[in-house]
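Since every read-out is calculated from the coordinates, none of them should be taken as a lab result. Because the structure is predicted, anything quoted here is derived from the model rather than measured. Virtual Cβ from ideal backbone geometry, glycine too; neighbours counted across all protein chains shown.
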Amino acid sequence: MLRERGVSFTPISFAKPKRTNAVYFLPFSLPKLDKYQRILVKLPASRVIPKVFLNLSGVPIPLSKIAPHVVYAGAPALSSLPSKYKGIWRVYLLPFRLYLPTLRREARQCIFIANSRLSAKAISEVYNVSEPDVVYPPVEVEKFGEVYKHRDREDMFISIGRIERGKMLENAIYLSAMTGVKGVIMGSLVERDYLEKLKRIRDKHHANVEIYHDVDQGEMIKVMGRAKVYFHPTIGEHFGIPVVEAMASGLTPLVPVQSGAYEVVPKELGYNTLEEASSKLRDLLREDMRERVHEIAMGFSASSFKRRLWDYLSRFLDN
């Protein structure tokens, strides 16, 4: 977006990025501790004096005293939404809790943009500010739309998400076991232990589920062109880009009511329990809603996102 409009910009990260020239603090790459890096990026950012900060980390680190600060955010990790940080894992968020008063002060000064209404409510809850405006994330709808017109589809559902415990992919296995409908899970492998857990659950429940990890996008789209339904298993997901990708591909989505994705699908396509999802899945396999959901998905193009985000940035850059 910025290059297209001839705007010069400087990427900033806490650790040295692998592929991008940037201002950074740590002289090597650090693939772990992402949550902490979102706070610590303040160190290199404080050395830059731009016309405006565009913060895509979602965390309102104190930068407004240097320049106007626009934060594009999902729901904060400290919100009351379902989270993978349970039990002992809640200790991982302790630095955020200790730093929360500082983040709240900055939240009153910066301009928040949320990636869904669900996230907007969570931002308001955690930072004690008004609910921000919403700009939904960009989706490669044209690319996924290449298989939209495929007619020869199987009675099969697909679930897509990083293979990590927070994505609740076991719900897809339970759904298959409850209905007897074939399922396919695809996603990048983050936690191998969790992958093995999914396989054990599948075998225990004799579920007809295939699990693929690190599949390239082209192969993933081909598989999507064979299925009829997309099942989103992640309760409390801030948005859920795969839901829109699936709609663009001609799949009928079935999503948790408690999720950002529920905001953008026809309301009859939400579920509150797996029992409700299993009943709806059987019905959706017999219905053809491709045209309806594909039309919705086309509103999430990258061009639409860039146009809306530019409306917020341009007030600081057009001077």
Query - Debye intensity ratio I(q)/I(0), log10, segment 167-210, q values 0.18, 0.20, 0.25, 0.29 Å⁻¹ (C-alpha model) - result: -0.45, -0.55, -0.84, -1.08
Query raised in the report: Given Cα pairs under 8 Å that are at least 6 residues apart, what percent is the relative contact order of segment 9-52?
Result: 38 percent
Query raised in the report: Using the per-residue mean of other Cβ atoms lying within 10 Å as a proxy for protection, in what order, highest first, do the peptides 18-31, 66-79 fall?
Result: 66-79, 18-31
Report task. State, as an integer percentage, the relative contact order of the chain based on alpha-carbon contacts under 8 Å between residues 6 or more apart. Result -> 15 percent
Report task. Using per-residue counts of other Cβ atoms within 10 Å, averaged over each peptide, order 131-139, 55-63 from highest down. Result -> 55-63, 131-139
**Report entry** Neighbourhood net charge (14 Å Cβ-Cβ; Lys/Arg +1, Asp/Glu -1) for Met156
**Finding:** +3
Query raised in the report: Taking the Cα atoms of segment 141-300, what is the range of coordinates along each of the three principal axes, in descending order and whole Å?
Result: 38, 32, 31
Query raised in the report: Counting Lys and Arg as +1 and Asp and Glu as -1, what is the net charge of the other residues whose Cβ lies under 13 Å from the Cβ of Ala120?
Result: -2
Query raised in the report: With Cβ to Cβ distances under 11 Å as the rule, what net charge do the other residues near Leu274 carry (K, R +1; D, E -1)?
Result: -2
Report task. List, in the order given, every pair from Lys16/Lys222; Lys18/Lys149; Lys204/Lys267; Lys18/Lys51; Lys32/Lys65; Lys35/Lys222 whose Cα-Cα distance in the structure shown is over 31 Å. Result -> Lys16/Lys222; Lys18/Lys149; Lys204/Lys267; Lys35/Lys222
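Return a whole-number percent for the relative contact order of segment 161-319, with Cα pairs under 8 Å and 6 or more residues apart as the contact set.
Once normalised by length, the contact order is 19 percent.
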Query raised in the report: Given a cut-off of 14 Å, what percent of all Cα-Cα pairs of segment 222-266 lie beyond it?
Result: 40 percent
